[in-house]
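A short write-up of the structure that comes next.
The values are calculated or read from the model by the stated rules, or taken from the named source; none is laboratory data. Everything numeric in this text was worked out from a predicted model, so none of it was measured. Because the Cβ atoms are built from the backbone with ideal geometry, glycine has one as well, and the counts that use them run over all protein chains shown.
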Amino acid sequence: MSGALSERVFVHKLKRVGFSDVEVIERNAFSLSQAALYPLFTGEVIQLMRDLIPEERHDELAVSVIVTANNPE
């Protein structure tokens, strides 16, 4: 699965659709420098992000999570 959800909401949704023992086993920060490597983020967008996002947040714009869970079926 992918998408832009908070970790709490993501785990809640997994539980709500029937998964059990949902556990986040790994978290990985996604930085502004990493975003610049993707064609989705043009030079103009990266510059806008540098200007608008506080510098202390540049190393952790987002966090990806790896989750384990059991499917009862």
Search result, residues across segment 30-57 that are touching a Leu at 6+ places or on another chain (Cβ under 8 Å) and either of a type in the set (Val, Ile, Thr) or under 19 Å from residue 68 (Cα atoms) (or both): 46, 53
Whichever residue in segment 1-33 is closer than 24 Å to residue 53 by Cα and part of a loop (DSSP other than H, G, I, E, B) and, among such residues, is modelled with the lowest pLDDT: 2
Residue match in segment 34-43 (condition: assigned to a loop (DSSP other than H, G, I, E, B), among the aliphatic types (A, V, I, L, M) and surrounded by 13 or more Cβ atoms within 10 Å (Cβ to Cβ)): yes
Within segment 61-73, tally of residues that are part of a loop (DSSP other than H, G, I, E, B) and surrounded by 12 or more Cβ atoms within 10 Å (Cβ to Cβ): 1
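Every residue, every condition in (1) surrounded by 13 or more Cβ atoms within 10 Å (Cβ to Cβ); (2) free of Cβ contacts under 8 Å to residues at least 12 places away in the same chain, yes or no:
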| position | (1), (2) |
| --- | --- |
| 11 | yes, no |
| 14 | yes, no |
| 25 | no, no |
| 47 | no, yes |
| 56 | no, yes |
